[in-house]
Structures are given as C-alpha cells and as structure tokens.
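Here's the structure we're looking at; comments come further down.
The values are calculated or read from the model by the stated rules, or taken from the named source; none is laboratory data. This structure is a prediction, so every number in the text was calculated from the model and none was measured. Counting neighbours? That spans all protein chains shown, and the Cβs are built from the backbone with ideal geometry, glycine included. The protein model used for the area step is the full one, side chains on, heavy atoms only, and it has no ligands, DNA or RNA in it. Shrake-Rupley method; radii C 1.70, N 1.55, O 1.52, S 1.80 Å.
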Amino acid sequence: CRTLGRNLDDAQVRFPRNLLEAHDAAFKQQRAMENKVMAKSRVSRFRIRRRQLAKYIFAADGLKIIPAWSERELQREGDLLHHCVGSYAARHAAGGTAIFFIRRTVEPWTPYYTLELEEKTLTVRQNRGLRNCGKTREVQAFEDLWLSWIQAGAKRDEQGRPVLPGRKEEAKSA
C-alpha cells in the first residue's frame with residue numbers, strides 16, 4: 001500500500017472487507033507500475049544497443065543487415081517469421097546477445113532472416129528464416145561476407161561505405 005501511495009490511516013485501506021481480494025488487486029496494480037517502469041527502461045536500453053551495434057550495419061549483393069531497433073520490432077519479426085526471436089528482447093537490450101535483421105534491399109521492412117551474433121567472438125549463433133528454416137546459399141554468402149568484414153574490424157571508407165577484405169570494390173553504403 002505504501003508503494004502505491006495508499007493512505008494507511010484510512011480504515012478501509014488497513015482493514016478491507018476482503019483481505020485476499022484487496023491484496024490481489026494491490027499486487028496487480030503494483031505489478032502494472034513495475035512493468036511500466038521496466039518497459040521504459042528497455043526502450044532506453046534498446047536505444048543504447050542501436051547505437052552500439054550501428055557500426056555493423058551493412059549492405060551488399062541485394063541484402064542488408066541492421067540491428068533490432070525495438071522490442072516491438074523483435075515481436076513483429078518473430079510473429080511474421082513464426083519463430084521465437086521476440087523472447088530475446090530483454091537479453092538483446094541488456095547486451096547479453098545481439099539480434100540483427102537481414103532484409104532484401106528492395107523490401108527493407110519485410111522480415112527475411114534473423115541473425116543472432118555472439119559479440120565476444122564475432123560468430124553467428126543462429127540465423128533463421130520463415131518457420132526457423134535454414135539459410136539459403138544467398139543468405140549464407142551474405143552472412144560470410146558480413147562476418148569477414150566485421151571480423152576484419154568493420155572498416156569504412158571516407159564516404160562511410162564498408163571496406164571489404166580482399167575486394168577492390170566496396171559494398172553499397174547501408
């Protein structure tokens with residue numbers, strides 16, 4: 001009751017008719033307040049993660065990869081691709097994992113594949129498409145190119161375009 005700002009001098013607050021119902025209602029209200037605070041916290045942590053992972057934005061060969069922007073986008077990605085990436089939101093926001101969306105450059109808002117990166121080793125934990133399907137050759141080739149670029153330091157030229165290791169031409173700017 002103190003947490004909810006209830007007046008403990010009020011007899012109805014201190015001695016409700018049905019203690020169990022009053023407790024459950026207060027607990028539900030307190031949980032809703034905590035969830036609101038946690039949601040605001042996740043929003044700001046997602047912003048921080050976006051900035052941290054922006055250095056890995058990359059486009060080449062008709063595909064692009066971008067970090068997950070928000071919890072809502074993670075949920076949408078999981079819903080549309082019919083896999084469980086939405087459950088990774090808290091871990092991603094806290095820095096426990098890094099989730100990226102792979103898109104066709106001609107359809108940047110349409111989910112295609114979802115990649116989980118192990119940041120410490122710069123290796124892919126998983127990369128799944130619709131209904132957890134495996135990677136196509138095109139997606140595997142793109143993943144390999146992107147990984148070689150980030151493992152080489154994710155270097156960019158003066159115009160901000162990725163400088164690809166072992167390639168004279170650069171990838172298109174993301």
Trypsin sites (Lys or Arg not before Pro) within the range 52-91: which are DSSP loop residues with at most 10 other Cβ atoms inside 10 Å? none
At 1.4 Å probe size, with every protein chain present, just tell me what the per residue accessible area of the range 75-174 comes to in Å². 56
For the chain, fraction of C-alpha pairs farther apart than 20 Å, in %: 60
Tell me, what is the Rg over Rh of the range 94-168, with Rh the Kirkwood radius over Cα pairs? 0.98
Apportionment of accessible area to carbon and sulfur, the chain, percent (1.4 Å): 51
How large is Rg over Rh for the range 63-106, taking Rg from the Cα atoms and Rh as the Kirkwood inverse mean of 1/r across Cα pairs? 0.97
To the nearest 10 degrees, how steeply does helix 71-81 sit against the main Cα axis of the chain, on a 0 to 90 scale? 60
